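One structure is given here, and the rest of the page talks about it.
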Amino acid sequence: MNCSSCGAVLPANSTICEYCHAHNPIDLHGIIGFSIKHQETERHCPSCQTPLQLLELATKPTVCVDRCPNCGGLFFPPGGIGFLLDQVVGPVYAANRELLGNLQRELYRPEKIVYRKCPVCPQLMNRKTFGYRSGVVLDRCASHGDWLDSGEFLHLAEWKKAGGLLAEK
């Protein structure tokens, strides 16, 4: 994969360019097949207020997620993140602690904490870390699902491949 800013080859398991230090947000392309079921829905992105698209993922059974065409964020139904991770990452039998540490440091971004509203209901979502030391803080509506910013699902997939779930035990 190449950097969207300068075109350099990205290092393995990374979305940060070594040359220009640009963050390369990644969507579901190349991870799992999907089709756009609705180009625009009545739900709005909790980050940029853009109308969300409804995607139908090529899973068995099929799952639908909302995607922001502007910022690339994804809204999963309850349990959808874990289900999709199981679909795209095979069984892992050992934890690569060095890679897990690198993945956690890569995603760490000191930022102002913002509580976002659920795209379905007007309630503020809770912030919750996904897994032990994954580095991903998702926004969760207990009734409707979980929001991930662009690139965070790919990060979780790499974290799981590196044995992140095994390191929790």
*Residue ranges of strands (runs of 3 or more DSSP E) in the range 24-93 with at least 1 members farther than 20 Å from Leu156 by Cα*: 34-38, 53-57
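Can you name the residue in the range 21-36 that is surrounded by 13 or more Cβ atoms within 10 Å (Cβ to Cβ) and either polar (S, T, N, Q) or at pLDDT 80 or above (or both) and is also farthest from Ile81 (Cα to Cα) among such residues? Lay out the reasoning, then the answer.
Within the range 21-36, the first condition is being surrounded by 13 or more Cβ atoms within 10 Å (Cβ to Cβ), and the residues that meet it are 22-28, 31-32, 34.
Retained after the next criterion (residues that are either polar (S, T, N, Q) or at pLDDT 80 or above (or both)): 24, 32, 34.
Numbers: Asn24: 21, Ile32: 13, Phe34: 15 Å.
Within the range 21-36, the match that is farthest from Ile81 (Cα to Cα) is Asn24.
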_Here is a list: Trp147, Trp159. Which entry is free of Cβ contacts under 8 Å to residues at least 60 places away in the same chain, within 26 Å of Cys45 (Cα to Cα) and either outside any loop (DSSP other than H, G, I, E, B) or touching a helix residue (DSSP H, G or I) at 6+ places or on another chain (Cβ under 7 Å) (or both)?_
Trp159
_Neighbours by Cβ (under 9 Å, 6+ apart or cross-chain): first from the range 27-48, closer than 23 Å to Val114 by Cα and touching a residue at least 60 places away in the same chain (Cβ under 8 Å); second of a type in the set (Asp, Glu) and surrounded by 12 or more Cβ atoms within 10 Å (Cβ to Cβ)_ = Arg43/Asp66; Cys45/Asp66; Pro46/Asp139; Ser47/Asp149
*asked:* Which residue is nearest to the chain's Cα centre (by Cα), if the candidates are limited to the range 130-159 and must be modelled with pLDDT of 90 or more and of a type outside the set (A, V, I, L, M, F, W, C)?
replied: Asp149
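From Leu124, Leu84, Leu148, Leu103, grab the single residue that is surrounded by fewer than 18 Cβ atoms within 10 Å (Cβ to Cβ) and of a type outside the set (Lys, Arg). Show your work before the answer.
Working: Leu84 fails: surrounded by fewer than 18 Cβ atoms within 10 Å (Cβ to Cβ); Leu148 fails: surrounded by fewer than 18 Cβ atoms within 10 Å (Cβ to Cβ); Leu103 fails: surrounded by fewer than 18 Cβ atoms within 10 Å (Cβ to Cβ).
After ruling out the rest, the residue left standing is Leu124.
Test Phe130 against the stated conditions and say whether it is of a type in the set (A, V, I, L, M, F, W, C), surrounded by 15 or more Cβ atoms within 10 Å (Cβ to Cβ), free of Cβ contacts under 8 Å to residues at least 60 places away in the same chain and within 19 Å of Ile31 (Cβ to Cβ). Please lay out each step first, then the result.
Working: of a type in the set (A, V, I, L, M, F, W, C): yes; surrounded by 15 or more Cβ atoms within 10 Å (Cβ to Cβ): yes; free of Cβ contacts under 8 Å to residues at least 60 places away in the same chain: yes; within 19 Å of Ile31 (Cβ to Cβ): yes.
Yes, satisfied.
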*asked:* Of the conditions (1) among the charged types (D, E, K, R); (2) over 26 Å from Thr62 (Cα atoms); (3) surrounded by 12 or more Cβ atoms within 10 Å (Cβ to Cβ), Glu111 satisfies every one except a single condition; which number is it?
replied: (3)
_Restricting to the range 110-143, count the residues that are within 30 Å of Arg97 (Cβ to Cβ), small (Gly, Ala, Ser) and either in a strand (DSSP E or B) or in contact with a Pro (Cβ under 9 Å, 6 or more places away or on another chain) (or both)._
0
*Any chance Leu74 is surrounded by 14 or more Cβ atoms within 10 Å (Cβ to Cβ) and in contact with an Asp or Glu (Cβ under 8 Å, 6 or more places away or on another chain)*: yes
*What's the number of the condition Asn96 fails, among (1) within 16 Å of the chain's Cα centre (by Cα); (2) surrounded by 17 or more Cβ atoms within 10 Å (Cβ to Cβ); (3) farther than 15 Å from Asp146 by Cβ?*
(1)
*asked:* When the residues of the range 60-114 are narrowed to those that are within 21 Å of Leu165 (Cβ to Cβ) and among the polar types (S, T, N, Q), which ends up modelled with the lowest pLDDT?
replied: Gln104
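The values are calculated or read from the model by the stated rules, or taken from the named source; none is laboratory data. Bear in mind the structure is a predicted one, so any value in this text is a computation, not a measurement. No Cβ is skipped: glycine too gets one built from the backbone with ideal geometry, and neighbour counts run over all protein chains shown.
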